[in-house]
Amino acid sequence: MSGAKQRMREKKLSKQPASVQYTSSPLNSSQSGGSRNGRGTPMAGRHSSSYGASPGGPSDRGGWVRGHQKDGGDYEEELPKYITAAAFAVARASEVQAMLKAVTKVTGSCHVLGAIPKHMRRRAMSHNTKRLPCRLREVANRMREKSLEAGPKKKEQPKNKSRKARRRHGNLLLEFNRRQRKNVWLETHIWHAKRFHMLKKWGYCLGNRPTSKCYRACYRAMSNHCLLQDLSYYCCIELQGDEDKLLACLSQLTSKETGPTFAAVLTLSGQRQGSTTVYRAGQYPSQPLGPVTFLWRPRTPGSSHRQLWIWAHPALKQNLFPELQSVCQCREPIIPVVAPVVTPAEPTPSPPHPGPRQVEKTPGAKRKRSARDDDAPPGKKILGDGTRPPSAPVTWTSASTGILINDLTMEIVRYRLIGPQSHAVLTEALEAATDCDAVSKAQASPLWWPQHCKDQAQMTLHRQQAEVFQTLKGIYSTGEVPPGTVLGLNVEDPRLALPQKRTQALSIVTAEQDVDEKRRELMLKGVPEHCCQSSLWDRFVRDNVTDNKLSEQEINRRKREVLVPGSRLSPTPLQSRVPVLMVHQPGKQVGQEMSGWGAGWDLLLPKGWGMAFWVPLVYRGVRIGGLKMSLKHSQNKGAPHFPHDFPDCPAGVCFQREQETELLNKFKRRPPAKRTNYVKHGCLAPFRCPWQQLVEEWELITSEATEVGSSAERRGQSRGEPGVRPGPATAAPSSFSVLRSRKSLKLLSSWCRPTTSKGQRSLRAREQAPLDAASGAAFLTTHVRAVAWVRLSLLSKGRPELHAQVCVATQEDLQRLGNKEAAYSGPLEHPHKDRFKSKVKRRKKGNKKAAPAQTSSTTLPTSKASDPDPPLAPAACSLHPTSVSSGAVLRQTSASPSCPPAPAKGPSSSCAASPTNLVLGLWPDPLPSVTSHCSRVTLGWVTQGDFSLSAGCGEALGLVSLEGLVHTLMAQPAEQRGLVLLRNPSALHYRWAKINVEA
């Protein structure tokens, strides 16, 4: 018997009752009480017996054999002569009982469909019993009732649903809410996600840059037409209380030296939007938090109660909000009774319109799911934002001061339009709201606009605001309006007049036209104070407008009923009046070049109306920008961008740490042979800027210069080794700050001899104190351990990069530049020796021999152990004072950077490194002296750099040591004052650049 037949036989025997036995010898009819069938196969269920066949014959095989035998043998067909009925029945009773039990037993896998042949089975029979044969319907109905009585068992949903199921409205909302648990979406997220590279940052999912190539097109839009951005991720904090108490509390966070504060006259009246830098309470000029913009609500006659909105970056809110609670003493949270849920808008009952014939519903007929059904998907919930958990309270109050703090983050939509034609886009996309008819005023309505129209004073104010809005159409450029102008307005739903094709909105006037009286008054005085009022300040109005917004389905239905396709919908529905605020954003305000560039308007809307205004603005021909374009906008304006250019703020420190990690990971992803070796280029920190070490070293250098006449003992105690950063044991913990005093910045700007972008001609500067040793020393005494914000313009070709070094030019460099050598474009840095390369190779070999599965050599350095080998001496050049009377002029030593460095002595070396912390091409921590590591002394680093399309040359924005800048200016001739060298981290060539301090 073959193996397959043997396994089949064992399978059959395993299912037989225990009373059935089979013999291992051939069956013999003469000795058995059983019988055979007509085909010669033995009948099942025989007792063990022997037929007396000859041994070794063909029948000498045991058991029940199936099929034809190969040796020609066959079973005997002789029948038994007699049987005993009683004995035969007793012997077969157990077999019959087992057979009946097996037939009548209903197993778990048994189904009524098993009684139907396979070719007659249909999938629909499982839920529609009428498709079964009549004889099986009753059984199927009983089985169905039993399954229903057992209770509905939820089937496990498949992980991969069909696209049709995923695109259902209810499933989409559930999926969208699930994806917003960590990073909140803006109202324009889906629009951006189809066209932008999205970036998860600060608790939001934001558009970083478009997927199409439009960098130059976006710059042209900012310069000639309009660029649109969604700034709804900015956080709005509302303060309510008495005016005097609010000003007293907020005065602890600001200083008049940095510019206008919360108490400025124009901003306090509500006519202008203000901006300032906030600090921790009473800590100016140290411990800054960051820049904020604020807007006061215009005063109400006869009341001292005021309302203030403070707009802050989401990275700043985490530090600003506790500080506001502290100074205002608002520690008592107010728990809202009802959770903030946005329900779908229900339009008011409209007269019946002709439509398709109503079909009578039958119990078995299918129908479309209606929005009014009880099982319809609920509206999307807006709970919390990216800066706070959903369950956190949003309102705090104080019993002592009476001040109320309310968190309005994600409650107001904010769009920014940048460009000279921003006003033209707004005036074409928006229309002032029309008055209600007499019938609507007489009837009681839950909407806010009919109640608003009943107040004659409010309607008079609305008509005056509409006149100012019409006057805005006569402005040639957005920059002609006073900076920070505020205009309140009630507009109609822009979806009602959406154009069929995308057009480009342009101003209706030219620069050569005469200026009328209203336009001149708007350009000089701005918007009157009473016209700055808006219903957007009222929370009840905002919620009413959001809850009663017309859906897109209703708008499209009304458009289908218009006789002329594309014409405006009329009459205007009562739900289509929206209060807005238009806030002017000033352009470039510092410096004497490109004044007013980048000016625009901010449009403030109630939540829920984001896409209703976004699409009409896009249809007016604007370009859309993301986070990257915001950075370029700040760079072209010459203004610092938060948090990139605020290294002394907590948000700036956190951003630089994240940026360093990102750049380091990107560096490690490249093959080691394709990486830039920053050690050979003399770049100590290519992915970060050690500002604290920079100011400490320059403080040590200037202290050496002022102590030339002192005793050697005192000089030795304070100076240490020249050009080497003090060790951790001698360096006291300290902090630095960025110079933000307007008066000091103007003085420093005049000392730098301000010029145009490429340095072709000098610009006229205000009369300031001349730069000499006395004025420089007095200036540095006031500002200790500070860095200054500067703008760098390359004099020749070149493109500044991130973290490029700003260095001091030597006297030889200035002399060669003054001789105007044709082939001289800047000095060259000699390549440095990479003595860590051999250690990295030895560690790789050791790892391969010892443990192949060990971590590779490109792991992030985590510890700061000492190296048994002598480290590099960081002093390639040092600065020494030559004359105290001449202002401590700095000069280079004769040490050449190409000479082999001498090892530092002593265990307190600052550049010791462990072999496990080495990364090929990078300096390990701690770093040596950052000022004197290269052949040119380092002043600072670049935080933004690129080729400027506005200036036509490479421009960079960065921070330099204030002490180093003042000493460098004093050491330079008057005609070459402000010239420095700029070198990219991956280059050895120094480029000439001109420093300008924008003030």
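The values are calculated or read from the model by the stated rules, or taken from the named source; none is laboratory data. Here the structure is a predicted model, which is why all the values come from computation and not from measurement. Please note: Cβ atoms are built from the backbone with ideal geometry, for glycine as well, and neighbour counts cover all protein chains shown.
Of all residues in region 945-952, one or more are assigned to a loop (DSSP other than H, G, I, E, B), farther than 28 Å from His832 by Cβ and not aliphatic (A, V, I, L, M). With respect to the conditions (1) buried (at least 23 other Cβ atoms within 10 Å of the Cβ); (2) among the small types (Gly, Ala, Ser); (3) closer than 20 Å to Thr810 by Cβ, Gly958 falls short on a single one, namely (3). The set of residues from region 406-438 being under 19 Å from Ser507 (Cβ atoms) and in a loop (DSSP other than H, G, I, E, B) comprises Gly419, Pro420, Gln421, Leu430, Glu431. Quick one: would you say Pro482 is part of a loop (DSSP other than H, G, I, E, B), within 37 Å of the chain's Cα centre (by Cα) and under 29 Å from Phe294 (Cβ atoms)? Spelling it out, Pro482 is indeed part of a loop (DSSP other than H, G, I, E, B), within 37 Å of the chain's Cα centre (by Cα) and under 29 Å from Phe294 (Cβ atoms).
Residues are listed down the side, and each one gets a yes or a no for (1) under 24 Å from Gly776 (Cβ atoms); (2) in contact with an Asp or Glu (Cβ under 6 Å, 6 or more places away or on another chain):
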{"site": "Phe947", "(1), (2)": "no, no"}
{"site": "Gly964", "(1), (2)": "yes, no"}
{"site": "Met970", "(1), (2)": "yes, no"}
{"site": "Leu988", "(1), (2)": "no, yes"}
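When Leu748 is tested against the conditions (1) buried (at least 21 other Cβ atoms within 10 Å of the Cβ); (2) modelled with pLDDT under 60; (3) assigned to a helix (DSSP H, G or I), the lone failure is (2).
Kindly provide the set of residues from region 385-405 that are in contact (Cβ under 8 Å) with a residue 40 or more places away in the chain, within 30 Å of Cys205 (Cβ to Cβ) and part of a loop (DSSP other than H, G, I, E, B), ordered by number. Across region 385-405, the qualifying residues are Gly386, Thr387, Pro393, Val394.
Counting the residues of region 532-552 that are in a loop (DSSP other than H, G, I, E, B), among the polar types (S, T, N, Q) and in contact with a strand residue (DSSP E or B) (Cβ under 9 Å, 6 or more places away or on another chain) gives 2.
For (1) at pLDDT below 90; (2) surrounded by 14 or more Cβ atoms within 10 Å (Cβ to Cβ); (3) more than 30 Å from Thr409 (Cα to Cα); (4) in the same structural domain as Pro606 (by TED's automatic domain parsing), each residue gets a yes or a no:
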residue	(1), (2), (3), (4)
Leu132	yes, yes, yes, no
Pro158	yes, no, yes, no
Ile190	no, no, no, no
Leu206	no, yes, no, no
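Looking only at residues of region 564-611 that are β-branched (Val, Ile, Thr) and not in a strand (DSSP E or B), we find that the one that is surrounded by the fewest Cβ atoms within 10 Å (Cβ to Cβ) is Val564. The C-beta contact set for region 409-429 (first residue assigned by TED's automatic domain parsing to the domain that holds Asn544, second residue among the charged types (D, E, K, R) and assigned to a helix (DSSP H, G or I), distance under 6 angstrom, 6+ apart or interchain) comprises Thr427/Lys473.
Counting only helices (runs of 4 or more DSSP H) wholly contained in region 165-235, the ones carrying 1 or more residues that are under 20 Å from Ile418 (Cα atoms) and within 22 Å of the chain's Cα centre (by Cα) occupy 189-193, 215-224. Scanning region 633-679 for residues that are buried (at least 16 other Cβ atoms within 10 Å of the Cβ), more than 25 Å from Arg416 (Cα to Cα) and of a type in the set (D, E, K, R) returns Asp648, Glu660, Lys668, Arg675. Whenever a residue of region 470-485 is under 11 Å from Thr510 (Cα atoms) and in the same structural domain as Gly596 (by TED's automatic domain parsing), it has no partner that is polar (S, T, N, Q) and outside any loop (DSSP other than H, G, I, E, B) lying with C-beta atoms less than 7 angstrom away and at least six residues away or across chains.
One line per residue, one yes/no per condition, for (1) in a loop (DSSP other than H, G, I, E, B); (2) free of Cβ contacts under 8 Å to residues at least 60 places away in the same chain; (3) of a type in the set (Asp, Glu):
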{"site": "Val806", "(1), (2), (3)": "no, no, no"}
{"site": "Ala809", "(1), (2), (3)": "yes, no, no"}
{"site": "Lys833", "(1), (2), (3)": "yes, no, no"}
{"site": "Ser838", "(1), (2), (3)": "no, yes, no"}
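Does any residue of region 305-325 turn out to be among the charged types (D, E, K, R), farther than 22 Å from Thr258 by Cα, in contact with a strand residue (DSSP E or B) (Cβ under 7 Å, 6 or more places away or on another chain) and surrounded by 18 or more Cβ atoms within 10 Å (Cβ to Cβ)? Within region 305-325 (the criterion being among the charged types (D, E, K, R), farther than 22 Å from Thr258 by Cα, in contact with a strand residue (DSSP E or B) (Cβ under 7 Å, 6 or more places away or on another chain) and surrounded by 18 or more Cβ atoms within 10 Å (Cβ to Cβ)), the answer is yes, since at least one residue qualifies.
Each row is one residue, and each column tells you yes or no for (1) within 28 Å of Val738 (Cβ to Cβ); (2) more than 19 Å from the chain's Cα centre (by Cα).
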| position | (1), (2) |
| --- | --- |
| Leu603 | no, yes |
| Val618 | no, yes |
| Gly625 | yes, no |
| Met629 | yes, no |
| Lys637 | yes, yes |
| Pro643 | yes, no |
| Ala651 | yes, no |
| Lys680 | no, yes |
| Leu684 | yes, yes |
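Under the condition of being crowded, with 21+ Cβ neighbours inside 10 Å and more than 17 Å from Gln458 (Cβ to Cβ), the residues counted in region 496-543 number 4. Against the test of being closer than 29 Å to Ala999 by Cα and in a helix (DSSP H, G or I), the options Ala248, Ala263, Ala281 yield a single qualifying residue, Ala248.
Only a single criterion out of (1) buried (at least 18 other Cβ atoms within 10 Å of the Cβ); (2) closer than 22 Å to Thr395 by Cα is not satisfied by Asp242, namely (1). Restricting region 129-145 to residues that are among the charged types (D, E, K, R) and closer than 13 Å to Ala115 by Cα leaves a set whose member that is farthest from the chain's Cα centre (by Cα) is Arg135.
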